[in-house]
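Chemist: For reference, the structure I am asking about is given below.
The values are calculated or read from the model by the stated rules, or taken from the named source; none is laboratory data. Please read all numbers here as calculations on a predicted model, not as lab measurements. Cβ atoms come from the backbone with ideal geometry, glycine included; neighbour counts cover every protein chain shown.
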Amino acid sequence: MEENEVIPAKKSKGKGVLIALLLIVAIGSGIGNFMLWSKEKTAKAIANSKIDSLSAYHSLKDSLYAALSEEEKKVEGLRTEIALYQNDTDSLKQLLDASMAKISSLRAMVANGGSTGKLRALKDSISRLSAANRAFISQMDSMLNQNEDYLARLQERENKIAALESQKRILNDKVNIAAQPSVGPVIVTPMYIKKGVYLPIYKSKKVERLQITFDVLGNKLTDKAVKKDYMVRVMDPDGIVLSNNNTRLSNSNDLYTIKESVTFNGVQQKIKENFTQSPSYKKGKYKVELKEGGEVKQTFSFELF
């Protein structure tokens, strides 16, 4: 009985040690894995944070560049408007040049980069520049509106002046027309000589000359001498102009019986001329025209028998 007795205690003790070792290894592995996972998570968080920070940094720079470009457009727009009213040496142009220089300086600062805080400070500078530009634009709008109002009033004044000048020209034309001399009736009297005296006669065979008379009437509006050429045309019953210059003139409209040049100074003048022709005068009705500048001023007629 005693030889067959089993001692299990020793076997159980070895197995327990093995289990304990396995547990220790498992725990250590778990702790190691946890630490690796924790470090990886932390590294990812740091990397994502840096990426986000870098993205925000570039986004901030882009926004600053966009803001500067916008201000640059405003300044160039002002330059174009001012060019309509100002010259190259004007003080307003100098202000615009200063704004453009400030924009160029801020753009260089943004390009140089730096910390986010520095960029935010630059953003504040751009904001102040933008506010100054808005104020300047407002002043310019006010000034340009005033200029437009002034130009409108100036144009209105010029229109009134033009209207007055037109009226003045019309009045001057009327005065000039009114100041022109006018002529009284033209009278042609056939005459013959008897005992040394010329007397009227209407018998064609006895007519020796035609006495032509008309008056240049006085005009108080004439303030300076005016030269006028008057032409009298006497046409016989056949419509032929009685003239001593027929052989020298080819155009019948240029034919005249007498031509008188008068220098008129406003005082009435009596014109008396005599016309003589070699052939005898025909029987019938004669027509007379008194012309000046191609315009018929007076007409007359007489008849010989």
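Chemist: Tell me, yes or no, whether the stretch 291-300 has at least one residue that is under 23 Å from SER182 (Cα atoms), surrounded by 13 or more Cβ atoms within 10 Å (Cβ to Cβ), of a type in the set (Phe, Trp, Tyr) and at pLDDT 95 or above.
Modeler: Among the residues of the stretch 291-300, at least one is under 23 Å from SER182 (Cα atoms), surrounded by 13 or more Cβ atoms within 10 Å (Cβ to Cβ), of a type in the set (Phe, Trp, Tyr) and at pLDDT 95 or above, which makes the answer yes.
Chemist: Inspect all residues belonging to the stretch 207-229 and state whether any of them is in contact with a strand residue (DSSP E or B) (Cβ under 6 Å, 6 or more places away or on another chain), over 25 Å from GLN269 (Cα atoms) and not acidic (Asp, Glu). Walk me through it before giving the result.
Modeler: We begin by selecting, within the stretch 207-229, every residue in contact with a strand residue (DSSP E or B) (Cβ under 6 Å, 6 or more places away or on another chain); these are 207-216, 225-229.
Cutting the leftovers down to over 25 Å from GLN269 (Cα atoms) gives us 207-208.
Next, only the ones that are not acidic (Asp, Glu) stay: 207.
Taking every residue of the stretch 207-229 in turn, at least one turns out to be in contact with a strand residue (DSSP E or B) (Cβ under 6 Å, 6 or more places away or on another chain), over 25 Å from GLN269 (Cα atoms) and not acidic (Asp, Glu).
Chemist: Continuing with this model, one more query. Go over the candidates VAL186, VAL197, VAL207 one by one and state the one that is under 27 Å from VAL232 (Cα atoms), exposed (fewer than 11 other Cβ atoms within 10 Å of the Cβ) and either among the hydrophobic types (A, V, I, L, M, F, W, C) or not assigned by TED's automatic domain parsing to the domain that holds ARG233 (or both). Before you say what the answer is, go through the steps one by one.
Modeler: Details: VAL186 fails: exposed (fewer than 11 other Cβ atoms within 10 Å of the Cβ); VAL207 fails: exposed (fewer than 11 other Cβ atoms within 10 Å of the Cβ).
Exactly one of VAL186, VAL197, VAL207 is under 27 Å from VAL232 (Cα atoms), exposed (fewer than 11 other Cβ atoms within 10 Å of the Cβ) and either among the hydrophobic types (A, V, I, L, M, F, W, C) or not assigned by TED's automatic domain parsing to the domain that holds ARG233 (or both), namely VAL197.
Chemist: Within the stretch 245-257, can one find any residue that is of a type in the set (Lys, Arg), touching a residue at least 40 places away in the same chain (Cβ under 8 Å) and either out of contact with any strand residue (DSSP E or B) (no Cβ under 7 Å at 6 or more places or on another chain) or farther than 20 Å from MET191 by Cα (or both)?
Modeler: Just the residues of the stretch 245-257 that are of a type in the set (Lys, Arg), to begin with: 248.
In the following step, the residues that additionally are touching a residue at least 40 places away in the same chain (Cβ under 8 Å) were identified as none.
So far as the stretch 245-257 goes, no, none of its residues is of a type in the set (Lys, Arg), touching a residue at least 40 places away in the same chain (Cβ under 8 Å) and either out of contact with any strand residue (DSSP E or B) (no Cβ under 7 Å at 6 or more places or on another chain) or farther than 20 Å from MET191 by Cα (or both).
Chemist: Continuing with this model, one more query. Kindly list the number of the only condition in (1) touching a Ser or Thr at 6+ places or on another chain (Cβ under 9 Å); (2) among the hydrophobic types (A, V, I, L, M, F, W, C); (3) crowded, with 16+ Cβ neighbours inside 10 Å; (4) more than 30 Å from ASN172 (Cβ to Cβ) that fails for PHE264.
Modeler: The one condition PHE264 does not meet is (4).
Chemist: Give all pairs with beta carbons closer than 8 Å in which a residue from the stretch 221-243 that is without any contact (Cβ under 8 Å) to a residue 60 or more places away in the chain and surrounded by 11 or more Cβ atoms within 10 Å (Cβ to Cβ) meets a residue that is acidic (Asp, Glu) and assigned to a strand (DSSP E or B); count only pairs at least 6 apart in sequence or on separate chains.
Modeler: VAL232/GLU260; VAL232/GLU273; VAL232/GLU289; ARG233/GLU289; MET235/GLU289
Chemist: Do we have SER99 as at pLDDT 75 or above and touching a strand residue (DSSP E or B) at 6+ places or on another chain (Cβ under 8 Å) here? Write out each step before concluding.
Modeler: Working: at pLDDT 75 or above: yes; touching a strand residue (DSSP E or B) at 6+ places or on another chain (Cβ under 8 Å): no.
No.
Chemist: In addition: Could you tell me whether the stretch 244-257 includes any residue that is on the phi > 0 side of the Ramachandran plot and either loosely packed, with under 12 Cβ neighbours inside 10 Å or not aromatic (Phe, Trp, Tyr) (or both)? Walk me through how you get there before you give the answer.
Modeler: So in the stretch 244-257, the residues on the phi > 0 side of the Ramachandran plot come out as none.
Taking every residue of the stretch 244-257 in turn, none turns out to be on the phi > 0 side of the Ramachandran plot and either loosely packed, with under 12 Cβ neighbours inside 10 Å or not aromatic (Phe, Trp, Tyr) (or both).
Chemist: While we're looking at this one, here's another question. Answer with yes or no whether LEU119 is in the same structural domain as ARG79 (by TED's automatic domain parsing), in contact with a helix residue (DSSP H, G or I) (Cβ under 7 Å, 6 or more places away or on another chain) and either loosely packed, with under 12 Cβ neighbours inside 10 Å or in contact (Cβ under 8 Å) with a residue 40 or more places away in the chain (or both).
Modeler: On the way: in the same structural domain as ARG79 (by TED's automatic domain parsing): yes; in contact with a helix residue (DSSP H, G or I) (Cβ under 7 Å, 6 or more places away or on another chain): yes; either loosely packed, with under 12 Cβ neighbours inside 10 Å or in contact (Cβ under 8 Å) with a residue 40 or more places away in the chain (or both): yes.
So LEU119 passes the test.
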